[in-house]
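Colleague: Please see the structure below; I have some questions.
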Amino acid sequence: MSSLKITKKHHKHLNNPFPSTQTSHPFIEGTLFFNSQTVPSHKKFSIGKDFQLLWCSNNGGYLSISHRSNPSKLIWSTIPGQAFVSAALAETEVEESRGSFVVKDGDVHLVCNHQTIEEIRVINQFDHSLEAINQDSQYGFEQKNDLNSSQFPMLLISGWIFSMKKGKKQFQKAGISADIQFETKETSTSARYWLLFDQKNSNQIGFQVMLGEPSFKQSHKTSPTPTGRYRGFRRRLGQIRKRKLGFFRYLSRPRGYVTVSSAEEEIQEMKVAESTKFNRVCLTYSSEAKERFYGFGEQFSHMDFKGKRVPIFVQEQGIGRGDQPITFAANLVSYRAGGDWSTTYAPSPFYMTSKMRSLYLEGYDYSVFDLTRNDRVQIQIHGTSVQGRILHGNSPSELIEHFTETIGRPPVLPEWIISGAVVGMQGGTETVHDTWDKLRTYNVPVSAFWLQDWVGQRETLIGSQLWWNWEVDTKRYCGWQQLVQDLNAQHIKVMTYCNPCLAPTHEKPNRRRNLFEEAIKLDILVKDKHGQPYMVPNTAFDVGMLDLTHPNTASWFKQILQEMVDDGVRGWMADFGEGLPVDATLYSGEDPISAHNRYPELWAQINREFVEEWKSKCVGKVKEDPEEALVFFMRAGFRNSPKWGMLFWEGDQMVSWQANDGIKSAVTGLLSSGLSGYAFNHSDIGGYCAVNLPFINYTRSEELLLRWMELNAFTTVFRTHEGNKPSSNSQFYSNHQTLSQFARLAKVYKAWNFYRIQLVKEAAQKGLPVCRHLFLHYPEDEHVHHLSYQQFLVGTEILVVPVLDKGKKNVKAYFPVGESSNWQHIWTGKLFTEQGCEAWVEAPIGYPAVFVKAGSIIGETFVKNLRDLEIL
């Protein structure tokens with residue numbers, strides 16, 4: 001009997017400040033065998049027209065894949081004599097607390113870690129003997145999409161995975177006896193597997209691993225003969241040549257929850273009938289000891305993940321993420337609220353390496369990339385099959401381009417959002433007018449006011465919070481439409497806030513609509529196990545969450561967005577999306593654990609569809625004027641989010657200098673997400689999360705605010721945020737110094753707007769990020785691989801070395817090997833001609849260490865604009 005155990009600890013208020021780490025089953029290793037009568041000793045096979053697979057029986061046998069343009073470069077290979085497909089049946093426990101999750105492996109009931117290759121079969125569209133082949137899987141795979149891009153020949157590798165019986169033998173010596181455990185040559189469990197390779201396009205190979213039903217106590221000496229179901233699989237697979245159907249499946253785990261409640265926590269156990277179904281599939285292949293692994297979505301603590309186990313699960317990033325003492329305090333008062341180095345709003349099952357190898361998984365199952373071994377990678381998937389793609393590229397930029405060609409790229413951003421400062425503030429109509437008057441006095445280039453409190457505020461146990469009812473609060477923002485018109489007359493847009501959750505508003509005095517009650521009547525909220533609206537704990541109140549799989553949800557929410565835009569609003573933060581409960585019941589009936597990773601993509605898709613539909617309906621001046629274009633930005637995401645999201649921000653960093661959740665992590669997140677397809681990203685200027693406790697005090701200092709302004713002056717969007725405790729934090733409007741520096745750095749941001757427009761267009765065409773880790777353009781420079789947050793490129797022409805430490809007035813800049821131009825300091829004009837060297841550079845407040853390529857048109861134009869704006 002296996003089970004999925006869900007432990008909910010939303011209301012547990014005194015916790016272990018050092019919670020246990022995530023546990024996964026250990027690295028699975030086994031031996032590879034092959035049938036010498038049916039498998040050749042050495043042969044090359046074509047996969048489509050651009051790839052080839054080599055099978056070699058030396059050293060126990062291995063596979064390797066290369067692109068025909070460079071046959072000596074292996075883009076994927078297995079380990080000689082080692083199993084590359086394995087599977088297991090294991091207990092699973094998910095702990096959940098207010099948007100934070102940890103997935104743990106419990107008891108392992110079954111492991112098939114050894115593997116045979118019985119056949120390597122070419123599937124050719126002209127091979128009429130294969131007209132009746134399809135899968136023989138107990139799981140009932142469904143064809144999901146037409147794979148029109150798949151090219152013949154395909155390659156099908158099949159055989160068995162199995163475990164060997166454990167035996168005991170007594171050993172005696174010198175009067176001492178002991179029981180020695182060993183593996184016999186007899187299998188205890190075996191199952192069929194199929195590994196399919198097919199070319200998707202000139203730069204990508206698709207792969208899928210499928211498993212058959214395990215059988216027990218079969219002799220390893222003779223392979224089981226194909227069953228009728230296997231023959232049926234073979235018959236139907238041949239129909240690919242006619243229909244080009246894919247090998248995809250979406251499965252719902254069996255339901256039937258048993259709930260046990262206590263004062264401290266709620267445990268739900270989903271029992272799975274005693275069976276032989278695997279729920280773990282592993283794919284193991286080779287790596288190199290010094291190979292660096294980049295990507296995995298938006299990651300805040302590391303750039304290179306070699307030596308780590310990387311879980312791929314959307315969730316709150318946490319408060320502190322290992323930085324102390326704040327992580328200790330957050331974990332103490334709210335279970336696992338501190339997070340750790342791996343917790344992120346926007347992970348992605350994608351990587352690229354320093355050896356120009358790249359792979360990503362399709363689907364939405366929870367997965368772990370185990371990179372702890374020097375010579376191998378193991379991907380552990382919590383599911384019953386594996387689908388993914390292997391990418392070919394000769395450089396990091398090519399790999400990003402090939403990856404985003406499939407998953408999608410963002411549209412070109414409206415120029416108004418990147419032309420000046422986006423002023424994030426709260427307070428109501430009069431406060432906005434007063435702030436605008438101050439900004440005009442300091443001649444600040446402003447593109448928009450972002451007013452997240454447009455819905456009104458209420459007092460809760462933790463302070464002032466927004467009413468999650470997405471309509472304007474006419475008391476707080478008296479004359480809302482006039483305010484929007486007045487700002488628009490000054491070429492300043494108004495942006496607002498929403499998220500996919502709704503709070504009960506029966507206590508709100510001046511509401512026009514009760515969206516929570518409307519959603520209940522329409523039956524479009526996520527449900528609990530009893531079929532009732534699932535009330536999800538969120539800070540000091542509970543909310544209902546929109547069921548984005550319901551066919552009526554999108555049209556209803558788009559009407560809300562339409563009302564907002566009809567008032568003249570041209571942008572909004574589409575917040576949250578990372579907190580779908582893993583025991584929720586969805587209209588689609590799909591597994592909520594997989595749906596959890598898909599939810600932020602659905603949330604982005606609804607917002608993006610509205611933008612495109614609104615654009616298509618516009619007529620006259622509104623349609624032609626780029627100043628009228630819409631934009632939204634969000635924090636939660638998954639692999640395909642760059643296709644749907646227009647702009648991203650990095651969520652809620654601490655107002656600190658620390659590495660895991662402060663200003664340094666904002667740079668790491670910016671660059672790691674850029675390598676994962678998130679071309680447009682930025683952070684809140686000054687950070688967001690402040691904490692005032694008796695012995696733990698995190699508040700935004702003026703120095704931190706100004707240094708964060710310098711940093712964000714070189715990101716896609718230059719946007720402020722007052723933070724969760726505005727009165728405790730230094731703000732851009734706090735005094736003359738902060739206003740002067742805000743004006744100065746907004747002009748620095750404006751000075752490279754011409755280049756930013758170019759980079760935004762390039763991102764929409766190729767998927768390349770605006771802000772780039774040096775690895776993207778200098779992959780051969782070994783020193784570059786040791787950099788994380790220390791410096792970054794804007795496009796190819798600007799090098800930024802931000803000050804990220806308290807009290808520092810200078811920085812150490814590194815000038816990479818492989819650049820044909822010298823780097824020129826923008827403030828002094830000094831040239832740095834030596835490659836592969838470091839230099840200390842003065843960087844007083846207001847003068848961040850920034851360099852341009854000497855003699856480049858981009859650099860010269862940037863410097864000229866600085867002079868014209870009287871900054872230089």
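Colleague: Identify the chymotrypsin sites (Phe, Trp or Tyr not before Pro) of the range 1-93 meeting these criteria: DSSP loop state and at most 15 other C-beta atoms within 10 Å of the C-beta.
Modeller: Within the range 1-93, the qualifying chymotrypsin sites (Phe, Trp or Tyr not before Pro) (loop, at most 15 other Cβ atoms within 10 Å) are Phe27.
Colleague: Taking the Cα centre of the chain as the origin, how large is its charge dipole in debye, to the nearest 20, when only Lys and Arg (+1) and Asp and Glu (-1) carry charge on their Cβ atoms?
Modeller: Dipole size: approximately 2380 debye.
Colleague: Whenever you get a sec, compute what percent of the accessible area on the chain sits on carbon and sulfur atoms (1.4 Å probe).
Modeller: 49 percent
Colleague: Sticking with this one: Farthest toward the dipole's positive end in the range 739-872, which of His785, Ser740, Val841, given Cβ charges of +1 (Lys, Arg) and -1 (Asp, Glu) about the Cα centre?
Modeller: Farthest towards the positive end: Ser740.
Colleague: Which is the longest part of the chain that has none of the GluC sites (Glu not before Pro) sitting in a DSSP loop with at most 13 other Cβ atoms within 10 Å?
Modeller: Answer - 508-779.
Colleague: Considering only protein heavy atoms, what per residue accessible area in square angstrom results for the chain with a 1.4 angstrom probe? Write out the running numbers ahead of the final one.
Modeller: Numbers: 32460 Å² over 872 residues.
Computed with neighbouring chains in place, this is 37 Å² per residue.
Colleague: So what's the gap between the Cα centers of the range 794-872 and the range 293-320, to the nearest angstrom?
Modeller: Result: 29 Å between the Cα centres.
Colleague: What percent do you get for the relative contact order of the chain when only Cα pairs under 8 Å and 6+ apart count?
Modeller: Relative contact order, the chain: 11 percent.
Colleague: Based on Cβ point charges of +1 for Lys and Arg and -1 for Asp and Glu, what charge dipole magnitude is obtained for the range 730-850 about its Cα centre, in debye rounded to the nearest 20?
Modeller: Dipole magnitude for the range 730-850 comes out near 700 debye.
The values are calculated or read from the model by the stated rules, or taken from the named source; none is laboratory data. On a predicted model such as this, the values are computed, not experimentally measured, just so you know. Reconstructed Cβ throughout: ideal geometry from the backbone, glycine too, with neighbour counts over all protein chains shown. Ligands, DNA and RNA are stripped out before the accessible areas are found, and what is left, the full protein with its side chains, is counted by its heavy atoms. Shrake-Rupley method; radii C 1.70, N 1.55, O 1.52, S 1.80 Å.
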